[in-house]
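Since the structure comes first, as structure tokens, the remarks are kept for the end.
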Amino acid sequence: MADSLKDPAAGSVSATRARYGVLAFALVVTAISYLDRVCISMNTPFMQKDLHLSDAQMGLVFSAFTFAYAVCEIPGGWLADRFGPRLMMARVVLWWSLMTAVTGLVGGFISLFCVQFLFGMGEAGVFPGLSRAFSRWLPESWRGNAFGLAIMTALIGGAITQKLTAGLLGASHGNWRMIFFLYALTGFVWVVAWYWWFRDDPHHHRSVNEAELKLIGTPPPASHPHVPWSSLLRNRSLLLLCGMYYGVLYGWYFFLTWMPKYLLKARGFDLKTTGWLAMLPLLCMAAGVAGGGWVSDRLIRRVGRRWGRRIPGLIGLPLAAVLLVAAVTTADAKTSAFLFAAAAGLATFGVAAGWATCLDIGGHHAGVITGAMNTFGNLGGTTMPLLMGLCLSRWDSWNISLLSVAFFYLCSAVCWLGIKADEPIPNT
């Protein structure tokens, strides 16, 4: 990993390596975020049985999290820009860890819905907070790759969670409450370590020398400028980024929420096999995000920033749409599972480039810009689980909502054609 992130501008300068610590904290926290977020999907059949929840109610529960997460993203990004990621990331992780534990105490639909809504509110801001940290701590040439690695680690954490949770459910005879209590502990440990070590700006960190500051290339901290809301709302690239991410996360949240139950009920796999197969899409998504970020950073050197950010999404999303239709329509269960995994990976090939584009065009307001994109993405993530639950309850059909994922993948690809990563938003 060190070689892949080496900045050629560093040359033979003997720089400290505190920036790698920031990246390490980012990788760990994204993994924890998906550990806590994804465990509910594997627990779903057991929670539905114990709490007497219908598919429509479970869809509402999934959407409660994503809707709250979406509407709190821009405020979370603004808070990270205004007060710094040290305090705001600690707040975010502490809040969501508490809500993870409280999920193990719910007694029915209303309490579960409310807890998941609060969970989403708390977790909002984690990626905008990291964006702010990256914009101050990482050289520009690292950023696409760094976002790819961070989101890759989140997805690997989610993939491991699927299998780990299946094993814990089997060993505990379906005691899903205990699993939420156990997973909550990881976030509390991270908060203590982060707040003790991290500083909002590398100029204020005792482990950073002048050579590393020169390599990072960020100026000394200044007062936070006023957010140019009118420029943001009129910027075509930002609006298209929001549309692009809506379609990508519309499909993303099927794999985070309903995929285990689809494998169990629609394709007839047992719990053990489902634990393995539910991992595959998340692992492929991890590879897609990391690979896409690496490719994007290198394409910039060959074809420029605009097309270097566009190309991964323009390749991955149309191919994902084709494979997803094949996965839905094939009769063979294992073939379907593998096609879903491949489609999931291709759909994420432009994700890291999207996050890096937010930094390219956002300047001092990287947290607000990433928050805006992630808001619309998670509105897509709100729609998909809700639609799936309604389709299952009314028509007992998986295919209607799954085929809509292919449609939104194509729409996202079209959005990439108008995104101009080489044109910063005015007044940022």
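The values are calculated or read from the model by the stated rules, or taken from the named source; none is laboratory data. Everything numeric here is computed off the predicted structure, so don't read it as measured data. Reconstructed Cβ throughout: ideal geometry from the backbone, glycine too, with neighbour counts over all protein chains shown.
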Worksheet, complete the sentence: Note on region 376-415: residues within 14 Å of Phe65 (Cβ to Cβ) and among the hydroxyl-bearing types (Ser, Thr, Tyr) are Thr382, Thr383
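Yes or no, residue by residue, for (1) in contact (Cβ under 8 Å) with a residue 40 or more places away in the chain; (2) not in a helix (DSSP H, G or I):
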| residue | (1), (2) |
| --- | --- |
| Ile160 | yes, no |
| Gly167 | yes, no |
| His173 | no, yes |
| Phe180 | yes, no |
| Ala184 | yes, no |
| Val189 | no, no |
| Trp196 | no, no |
| Asp200 | yes, yes |
Worksheet item: All but one of (1) part of a loop (DSSP other than H, G, I, E, B); (2) without any contact (Cβ under 8 Å) to a residue 40 or more places away in the chain hold for Ile110; which doesn't?
Response: (1)
Worksheet item: For region 312-322, which residues satisfy the criterion of being surrounded by 22 or more Cβ atoms within 10 Å (Cβ to Cβ) and hydrophobic (A, V, I, L, M, F, W, C)?
Response: Leu317, Ala320, Ala321
Worksheet item: Out of curiosity, is Tyr253 at pLDDT 95 or above and out of contact with any strand residue (DSSP E or B) (no Cβ under 9 Å at 6 or more places or on another chain)?
Response: no
Worksheet item: Among the residues of region 308-338, how many are farther than 18 Å from Leu410 by Cα and among the hydrophobic types (A, V, I, L, M, F, W, C)?
Response: 4
Discussion item. Among (1) surrounded by 17 or more Cβ atoms within 10 Å (Cβ to Cβ); (2) among the hydrophobic types (A, V, I, L, M, F, W, C); (3) under 26 Å from Met384 (Cα atoms), there is one condition Ala15 misses while meeting the rest; what is its number?
Written reply: (3)
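Residue-wise test of (1) under 20 Å from the mean Cα position of the chain (by Cα); (2) over 29 Å from Ala56 (Cα atoms); (3) buried (at least 23 other Cβ atoms within 10 Å of the Cβ).
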position: Gly76; (1), (2), (3): yes, yes, yes
position: Asp81; (1), (2), (3): yes, yes, yes
position: Arg86; (1), (2), (3): yes, yes, no
position: Ala90; (1), (2), (3): yes, yes, no
position: Trp95; (1), (2), (3): yes, no, no
position: Thr100; (1), (2), (3): yes, no, yes
position: Thr103; (1), (2), (3): no, no, yes
position: Gly107; (1), (2), (3): no, no, no
position: Ser111; (1), (2), (3): no, no, no
Discussion item. Here's a check for you: in region 223-255, which residue that is among the polar types (S, T, N, Q) and in a loop (DSSP other than H, G, I, E, B) is nearest to the chain's Cα centre (by Cα)?
Written reply: Asn235
Response to the item:
Those residues of region 267-279 which are in a helix (DSSP H, G or I) and surrounded by fewer than 18 Cβ atoms within 10 Å (Cβ to Cβ) amount to Leu271, Lys272, Thr273, Trp276
Worksheet item: Could you list, in sequence order, the residues of region 255-275 that are out of contact with any Leu (no Cβ under 6 Å at 6 or more places or on another chain), over 25 Å from Thr348 (Cα atoms) and not small (Gly, Ala, Ser)?
Response: Lys265, Asp270, Leu271, Lys272
Worksheet item: Any residue at all in region 260-282 that is small (Gly, Ala, Ser), under 23 Å from Tyr34 (Cα atoms), at pLDDT 90 or above and out of contact with any Ser or Thr (no Cβ under 7 Å at 6 or more places or on another chain)?
Response: no
Worksheet item: Going by the conditions given, is Arg143 closer than 24 Å to Gly367 by Cα and free of Cβ contacts under 8 Å to residues at least 60 places away in the same chain?
Response: no
Worksheet entry | Matching entry among Ala372, Ala326 (being at pLDDT 95 or above, assigned to a helix (DSSP H, G or I) and not acidic (Asp, Glu)) | Ala326
Item to complete: Might you check whether a residue that is among the hydrophobic types (A, V, I, L, M, F, W, C), closer than 30 Å to Leu105 by Cα and crowded, with 23+ Cβ neighbours inside 10 Å occurs anywhere in region 232-252?
Response: yes
Discussion item. Quick check on my filter: what residues within region 375-416 are in a loop (DSSP other than H, G, I, E, B) and over 21 Å from Ala343 (Cα atoms)?
Written reply: Asp396
Practice prompt. For region 330-375, name all the residues that are of a type in the set (S, T, N, Q) and surrounded by fewer than 24 Cβ atoms within 10 Å (Cβ to Cβ).
Written response: Thr330, Thr335, Ser336, Thr375
Practice prompt. Identify the single condition in (1) basic (Lys, Arg); (2) free of Cβ contacts under 8 Å to residues at least 40 places away in the same chain; (3) closer than 27 Å to Lys334 by Cβ that Arg234 does not satisfy, given that it satisfies every other one.
Written response: (3)
